[in-house]
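The values are calculated or read from the model by the stated rules, or taken from the named source; none is laboratory data. Everything numeric in this text was worked out from a predicted model, so none of it was measured. Positions of Cβ are generated from backbone atoms using ideal geometry, with glycine treated the same way; all protein chains shown enter the neighbour counts. Heavy atoms of the whole protein, side chains included, go into the accessibility calculation; ligands, DNA and RNA do not. Shrake-Rupley method; radii C 1.70, N 1.55, O 1.52, S 1.80 Å.
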Amino acid sequence: MAAETIHITIAGKIFPVKVSNRAEGEKYLLAAGLVEEKMEKYASNFNTRQSTDLMAMCLLEFAFQQVNWQNTQNELSRQMSDLTAMVQQVL
């Protein structure tokens with residue numbers, strides 16, 4: 001499949017996104033759905049409909065998750081290095 005453009009709607013705004021295959025397009029659609037869900041959650045929690053405020057909270061949550069994921073990856077990498085060193089000592 002050649003690259004094509006799909007249209008994603010977030011906060012009532014349509015964004016064109018180029019994708020290289022159907023699976024990538026489906027991931028973008030799922031991601032957009034997740035953003036919409038988070039925005040609804042924040043809209044009810046903070047009693048606001050200001051899309052910029054809601055998107056800022058979504059961005060903060062996703063960035064926080066990214067930081068946590070990166071920290072987990074770093075810790076797992078460190079543990080793998082430690083295990084590799086232990087195995088090499090035994091051999």
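Taking every residue in segment 11-23 that is over 17 Å from E36 (Cα atoms) and pairing it with any residue that is of a type outside the set (F, W, Y) and part of a strand (DSSP E or B), at least 6 positions away or on another chain, the pairs with Cβ-Cβ distances below 7 Å are K18/T5; V19/E4; V19/I6.
Does T48 satisfy the condition of being part of a loop (DSSP other than H, G, I, E, B) and within 22 Å of F62 (Cα to Cα)? Can you show your working first?
Details: part of a loop (DSSP other than H, G, I, E, B): yes; within 22 Å of F62 (Cα to Cα): yes.
So T48 fits the description; yes.
Scanning segment 53-78 for residues that are closer than 12 Å to I10 by Cβ and open to solvent by less than 100 Å² (accessible area, probe 1.4 Å) yields L54, M55, C58.
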